[in-house]
Amino acid sequence: MNRMVSTALAFGAGVAAYNIAQRTNMLSNWQMRQWQKKIKRVLS
């Protein structure tokens, strides 16, 4: 249960950061791909 909660929190934080980064265009395409890989690894 705790693991699920922390995973959900990490995912939520990741999504929020991703949205903010997209809006402000902070991240390059390469960094976006790196993030997507990390998120997929966390979820699997």
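Worth a mention:
- Sum of -39500 (n - 2.57) over DSSP H runs of 4+, divided by residues of the chain (222 nm, nearest 500): -29500 deg cm²/dmol
- In plain terms, the residue of Trp30, Trp35 with the fewest other Cβ atoms within 10 Å comes first and the most crowded comes last, giving Trp30, Trp35.
- Extents of the chain, taken as max minus min of Cα coordinates on every principal axis and listed largest first, are 35, 17, 7 Å.
- Evaluating 6.51 cos²θ - 1.76 cosθ + 1.60 at θ = phi - 60° for every residue in the range 36-44, the Karplus couplings come out as 4, 4, 4, 5, 4, 5, 5, 6, 6 Hz, glycine and proline recorded as x.
- Ordering Ile20, Ile39 from the fewest to the most neighbouring beta carbons within 10 Å gives Ile20, Ile39.
- Cβ-to-Cβ counts within 10 Å put Met1, Met32 in ascending order as Met1, Met32, the fewest first.
Every number here is computed from the coordinates shown, using simple stated rules; none is lab data. Bear in mind the structure is a predicted one, so any value in this text is a computation, not a measurement. All Cβ positions, glycine included, derive from the backbone under ideal geometry; neighbour counts span all protein chains shown.
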